[in-house]
Amino acid sequence: MSKRPTISLLIPCLNEKKTIARAVADAKKNAKKFFPKDWEIVVADNGSTDGSWEILKKIKEIRVINVPIKGYGAALHWGIMKSRGEFVVFADADLSYPFKNLKKFKNTIEEKPDLVLGSRLRGTISRGAMPILHRYLGTPVLTFLIRIAYRIPTSDCNSGMRMVKKSFYKLLNMKSAGMEWASELLLKTAIKHGKYMEVPIYFYKDKRGRPPHLARWADGWRHLKAILLLKPIFLVLTMLLFLVLAFISLPYSFGFTSFFLLFFFVVFLSLLALEYFSFAIEGKPNLISTFLNSVPLVPITIFLLFFTILIILFLPDEHLGTKILLSSIDAITFIWVFLIETIKTHLVNRLPDLK
Ligand SMILES: Nc1nc2c(ncn2[C@@H]2O[C@H](COP(=O)(O)OP(=O)(O)O)[C@@H](O)[C@H]2O)c(=O)[nH]1
Ligand SMILES: [Mg+2]
């Protein structure tokens, strides 16, 4: 096998027949210019059915990988794991991130970075390239949250052009297959104290003339969830916030107090479930999993249910609010115990797959 190249240029592709050939040509031109004889191009195709695959098969000097799982994160994960370069630079197939940006990434290599992010917001964004909502709301809000919570000096957390050191990437134990893979990569770099750098890049309007794959609200929510879940302290803070709000609203409105109390309870149970779930998946016990494994959850819940039903029965109807609050707490507890018990039977104590 030939010598390992310094750089792999990776392009994720799902149904991009209009632009894929030009994207690969742009990658090739700039790879030759900035890394003569020291590059490879990898395209991670996600089961394109529009003819992209047929186009790719005809192009020389590239490697096309068939990714069996759907999702932007899956495509990039597969691509990075199959890349041979010491560093992997990736960018969309829609011609929005020109590969002339490669020069900036190249200049960082001597500083031995683990992750270099191409910042559009510190670079040059051409007219109409980024929807107003993303440029002035979505990306800045998520970026701000990540900066304060993870202490990583990022200016554009959603950028789709980045360079990662392959040996570092392998340590990250990545999980997300969707767009939130991008947040996971950034956050885990912060958690693992990887060397993080940024370079300003050019960002153009994509040339494919159809809507992006990105589902704005669903993907935004998934990014936010990734940000919250990688640091459970956020859930603790949210919980405390609801408790404070419940306390503040107490003299004014029983309705609001109940509302905040219920949300406090929901976040609290979510936190416990999350820790239990991570124990079930990773197999490493934590404080909460040890506790939940040692208490008889089902009998305790049944006892609590009876107890509250009695209160609801015997409390006069003027206390309708209290009755509704208690019923809601019961219902939530019931769902939660059901969830935890299902994790126990289906994940923790499941039968092995015997062939
Ligand atoms: N969303 C999505 N993109 C994929 C997938 N597989 C490959 N891609 C590629 O990932 C890149 C990013 O997608 P794009 O629609 O441009 O997202 P946006 O730039 O965030 O609006 C494109 O090159 C897609 O072709 C997939 O399953 N889902
Ligand atoms: Mg794009």
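The values are calculated or read from the model by the stated rules, or taken from the named source; none is laboratory data. Just so it is clear, the model here is predicted, and its values are computed rather than measured. Cβ coordinates were reconstructed from backbone atoms using ideal geometry, including for glycine residues, and neighbour counts include every protein chain displayed.
A few comments on the model shown:
- Every residue from the stretch 175-212 that is under 13 Å from D156 (Cα atoms), aliphatic (A, V, I, L, M), outside any helix (DSSP H, G or I) and within 16 Å of ligand 1 (Cβ to nearest atom): I201
- Only one entry of T342, T301 meets the criterion of being without any contact (Cβ under 8 Å) to a residue 24 or more places away in the chain and assigned to a helix (DSSP H, G or I), and that entry is T342.
- Test: residue in the stretch 231-242 that is in a helix (DSSP H, G or I) and either closer than 30 Å to D50 by Cβ or in contact with a strand residue (DSSP E or B) (Cβ under 8 Å, 6 or more places away or on another chain) (or both): no
- Of all the listed residues (E40, E16), the sole one being assigned to a loop (DSSP other than H, G, I, E, B), touching a residue at least 40 places away in the same chain (Cβ under 8 Å) and under 16 Å from G79 (Cβ atoms) is E16.
- In summary, L187 fulfils each of the numbered conditions (1) within 16 Å of ligand 2 (Cβ to nearest atom); (2) modelled with pLDDT under 95 with the single exception of condition (1).
- Just one of the listed residues (L287, L310, L315) is more than 22 Å from F263 (Cα to Cα) and touching a Ser or Thr at 6+ places or on another chain (Cβ under 7 Å), namely L315.
- I332 vs. criteria under 22 Å from S253 (Cβ atoms) and assigned by TED's automatic domain parsing to the domain that holds F256: yes
- In the stretch 238-264, residue farthest from E341 (Cα to Cα) [restricted to those that are out of contact with any helix residue (DSSP H, G or I) (no Cβ under 6 Å at 6 or more places or on another chain) and of a type in the set (A, V, I, L, M, F, W, C)]: I248
- From the options I148, I132, I80, residue that is farther than 13 Å from I201 by Cα, hydrophobic (A, V, I, L, M, F, W, C), under 21 Å from the mean Cα position of the chain (by Cα) and at pLDDT below 95: I148
- If only residues of the stretch 159-184 that are crowded, with 22+ Cβ neighbours inside 10 Å and among the polar types (S, T, N, Q) are counted, the one that is farthest from ligand 2 (Cβ to nearest atom) is S183.
- Scanning the stretch 50-105 for residues that are hydroxyl-bearing (S, T, Y) and either closer than 15 Å to E16 by Cβ or exposed (fewer than 15 other Cβ atoms within 10 Å of the Cβ) (or both) turns up S52, Y72, S96, Y97.
- Selection count where residues are hydrophobic (A, V, I, L, M, F, W, C) and surrounded by fewer than 19 Cβ atoms within 10 Å (Cβ to Cβ), scope the stretch 114-151: 10
- Leading residue by the ranking (nearest to R120 (Cα to Cα)) among those in the stretch 205-223 that are surrounded by fewer than 17 Cβ atoms within 10 Å (Cβ to Cβ) and at pLDDT 80 or above: K205
- When S249, S270, S253 are checked against the criterion of being of a type in the set (S, T, Y), surrounded by fewer than 17 Cβ atoms within 10 Å (Cβ to Cβ), over 24 Å from G138 (Cα atoms) and outside the structural domain of L185 (by TED's automatic domain parsing), a single residue qualifies: S253.
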